[in-house]
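**Student:** Handing you a structure now.
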Amino acid sequence: MKKIAGIIAIVLALGACKLNSNKTLPIYGNREPVTKVVNGQTVSDTIYQTIPPIKFINQYGDSISNKNLDGKIYVADFFFTTCPSICPIMQRNMLNVYNAYKNTEDVKILSYTIDPKHDSVKVLKQYADKLEVSGNMWWFLQGKKEETYQLAEKNYLVAVKSDSTAAGGFIHQGYFVLIDKKSRIRGAYDGTQANEVNKLIEDIKILKAEKDEQPAK
Amino acid sequence: MKLTITGGIGALFVLVMMAIFTSCQSDEQIEFQRYYSSGSLVYQTHCQNCHGVHGEGLLGLIPPLTDSVFLKTNRKALACMVKHGVKGKITIKNKVFEGTMPPNDLSPVEIANVLTYITNSFGNKSGAVTNEQAAIDLGKCH
């Protein structure tokens with residue numbers, strides 16, 4: 001009898017553990033505490049770093065702004081179509097993200113080209129076709145070079161730069177950056193490592209389950 | 001008693017034959033293994049990112065290395081393709097690929113190794129590409 005009670009206790013304990021494992025993801029970037037007066041009471045709040053408004057063109061020639069990303073979770077990365085080094089393995093791993101979520105409304109992938117001079121809309125479309133990417137889940141985006149670089153370094157916190165001595169003419173990091181529905185950075189994963197990308201695929205589930213709390217303003 | 005001795009001699013004979021047989025195979029086998037395992041390392045460093053762990057390529061972007069017929073018909077051109085890269089259209093497994101494979105700064109020995117690995121992995125099986133053969137092939141690059 002005691003044994004049974006022991007087993008029940010263990011099962012309960014394990015169950016409790018499972019209940020407590022409602023994981024959340026950290027919020028990255030700079031944050032700023034603010035105090036404001038609401039209904040005569042002083043409340044403090046935190047303003048998190050968010051991705052600023054963007055204006056880019058996708059592989060279909062459509063203009064893409066943050067309006068298209070409202071309420072969407074998305075994964076961003078930086079690449080160029082003629083990249084000989086880390087891009088193929090990044091795209092191979094990104095295809096796993098694509099295949100995991102291509103039928104869901106609220107998840108997107110944004111691949112920004114860091115070589116907009118070569119990677120025209122037409123080139124990006126051909127590239128997408130070769131990767132057998134269709135529909136509007138995965139966008140390959142082209143914009144002004146300086147804006148793309150600014151966005152990468154200041155906002156997505158990924159280092160990119162032109163360098164004629166590097167393979168293909170650019171240096172860049174292969175991070176996949178996870179952005180939540182409120183444009184906040186919630187994770188960065190090494191896109192060249194399959195196990196990190198598997199974690200990203202799992203983490204998107206956590207974001208999808210996140211309740212829409214009060215906007216952090 | 002006699003039976004045991006005959007049996008013993010018989011067993012000994014079999015053992016000796018096996019030893020001779022395996023040692024005969026070894027020289028060639030060991031050489032092949034040396035090419036193959038060194039080639040596997042070269043592959044991991046220089047080829048795998050694009051062509052994949054299993055030589056599967058990447059959809060319409062990067063051709064797979066599983067086309068045994070292509071590898072056989074172009075056997076003598078492979079060393080130059082690795083060394084100087086490939087540009088333009090290429091048909092692999094009835095699929096047309098267009099793009100650029102960058103040149104690889106590899107020594108003839110490394111090229112022999114990696115070609116031995118590729119032409120004997122991913123369902124391919126066509127024996128070692130020796131250092132001598134790779135050097136000859138490289139001498140004929142355009």
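The values are calculated or read from the model by the stated rules, or taken from the named source; none is laboratory data. Predicted model, so just to flag it, every value in this text is computed and none were measured. All Cβ positions, even for glycine, are placed from backbone atoms using ideal geometry, and neighbour counts span all protein chains on display.
**Student:** Look through A:LYS125, A:LYS117 and report the one residue that is in a loop (DSSP other than H, G, I, E, B) and within 29 Å of B:PRO102 (Cβ to Cβ).
**Tutor:** None of the other options fit; the residue is A:LYS117.
**Student:** Within the stretch A:123-135, does at least one residue satisfy the condition of being crowded, with 18+ Cβ neighbours inside 10 Å, under 13 Å from the mean Cα position of the chain (by Cα) and either among the aromatic types (Phe, Trp, Tyr) or away from every other protein chain (no Cβ under 14 Å) (or both)?
**Tutor:** no
**Student:** Moving to a separate point now. Which ranges mark the strands (runs of 3 or more DSSP E) fully within the stretch A:44-110 that have 1 or more residues being of a type in the set (Ser, Thr, Tyr) and in contact (Cβ under 8 Å) with a residue 40 or more places away in the chain?
**Tutor:** A:73-79
**Student:** Show me the strands (runs of 3 or more DSSP E) entirely contained within the stretch A:149-208 in which 3 or more residues are within 17 Å of A:GLN91 (Cβ to Cβ).
**Tutor:** Here the list reads A:175-179.
**Student:** Here's a follow-up. Of the residues B:PRO102, B:PRO63, which single one is modelled with pLDDT of 95 or more, out of contact with any Asp or Glu (no Cβ under 8 Å at 6 or more places or on another chain) and within 19 Å of B:GLN48 (Cα to Cα)?
**Tutor:** Within the list B:PRO102, B:PRO63, the selection yields B:PRO63.
**Student:** Please work out if A:PHE79 is surrounded by 12 or more Cβ atoms within 10 Å (Cβ to Cβ), within 14 Å of chain B (Cβ to nearest Cβ) and under 20 Å from the mean Cα position of the chain (by Cα).
**Tutor:** yes
**Student:** State the number of residues belonging to the stretch B:45-99 that are part of a loop (DSSP other than H, G, I, E, B) and more than 12 Å from chain A (Cβ to nearest Cβ).
**Tutor:** Total meeting the criteria: 8.
**Student:** Does the stretch B:108-116 contain any residue that is modelled with pLDDT of 95 or more, farther than 22 Å from B:ASP137 by Cα and not aliphatic (A, V, I, L, M)?
**Tutor:** Within the stretch B:108-116, not a single residue is modelled with pLDDT of 95 or more, farther than 22 Å from B:ASP137 by Cα and not aliphatic (A, V, I, L, M).
**Student:** Do you know which of the residues in the stretch B:100-132 that are in a loop (DSSP other than H, G, I, E, B) and within 14 Å of chain A (Cβ to nearest Cβ) is surrounded by the fewest Cβ atoms within 10 Å (Cβ to Cβ)?
**Tutor:** Among those residues, the one meeting the criterion is B:ASP105.
**Student:** Which one of A:ASN103, A:ASN99 is more than 15 Å from the chain's Cα centre (by Cα) and more than 14 Å from chain B (Cβ to nearest Cβ)?
**Tutor:** A:ASN103
**Student:** Being touching a helix residue (DSSP H, G or I) at 6+ places or on another chain (Cβ under 8 Å) and either touching a residue at least 60 places away in the same chain (Cβ under 8 Å) or surrounded by 18 or more Cβ atoms within 10 Å (Cβ to Cβ) (or both) is the filter here, so list the residues in the stretch B:64-96 that pass it.
**Tutor:** The answer is B:PRO64, B:LEU65, B:LEU71, B:LYS76, B:ALA77, B:LEU78, B:ALA79, B:CYS80, B:VAL82, B:LYS83.
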